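Data block below; observations after.
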Amino acid sequence: MIDLKEKIRNIPDFPVKGIQFKDITTLLKDREAFKCSIDEITRHCSKYQIDYIAGIEARGFIIGAPVAYQLGIGFLPVRKPEKLPSEVEKISYELEYGENILEIHKDAIDSGDKIMVVDDLLATGGTTAAVFKLIKKLGGKVIGASFIVELAFLNPREKLEGYDIFSLVQYD
């Protein structure tokens, strides 16, 4: 496998001072690294009989949609406020540097649907935990979540205990 960590650049003080942003745009630009990332996450997700991939705006769309396509299943966009055209369920949550809101269409999930959440980066686990709550509120069953990058030093798995959490690159 390609050393994906070499393909990720660090941007200091972004989006706010003190944050060391792990920029995956350099990984996405590299066709082999991008393909490897999608293939490995797809391989992991294929262990489960899931109905949907839920991708978190915006980079979760870039990773999640091709994974869903490769698995031959549907893709559910989880978006920032006022981006979805139909009736939504929403949740507010804390970020490591602020607060945000996420929404999903109320009719996106049927009771019992099995869902894997996909995003580019797992930091504190707050965003992912919020998406898990949204999915459960609509009657879905969360299988777990898959990421390219995990900031393990922030202990995100504590907030996601009991779920399968998979990441390709960890920063300790």
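What follows is calculated from the coordinates using simple rules that are stated; it is not laboratory data. Note that the structure is predicted; figures quoted are calculated from it, not measured.
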**Request:** Would you mind checking which residues have amide H under 5 Å from SER167's amide H? H placed 1.01 Å from N; only 5 or more apart, or other chain.
**Result:** PHE147
**Fill in**
A correct Karplus calculation of ³J(HN,Hα) over region 10-17, with 6.51 cos²θ - 1.76 cosθ + 1.60, θ = phi - 60°, whole Hz and x for Gly and Pro, returns 9, 10, x, 6, 10, x, 9, 4
**Asked** Once amide H atoms are placed 1.01 Å from N in the peptide plane, what residues at a sequence separation of 5 or more from VAL118, or on another chain, have their amide H within under 5 Å of its amide H?
**Response** ALA54, GLY55, ILE56, SER146
**DSSP beta bridges in region 29-172 [antiparallel fraction, %, rounded to 5]** = 30
**Prompt:** Quick one: length gained pulling LYS83 to ILE101 fully straight, 0.36 nm per residue minus the C-alpha distance?
**Reply:** 5.3 nm
**Asked** Going by the alpha-carbon gyration tensor, a ≥ b ≥ c the square roots of its eigenvalues, is the chain rounded (a/c under 1.5) or, if a/c is not under 1.5, prolate (a/b greater than b/c) versus oblate?
**Response** oblate
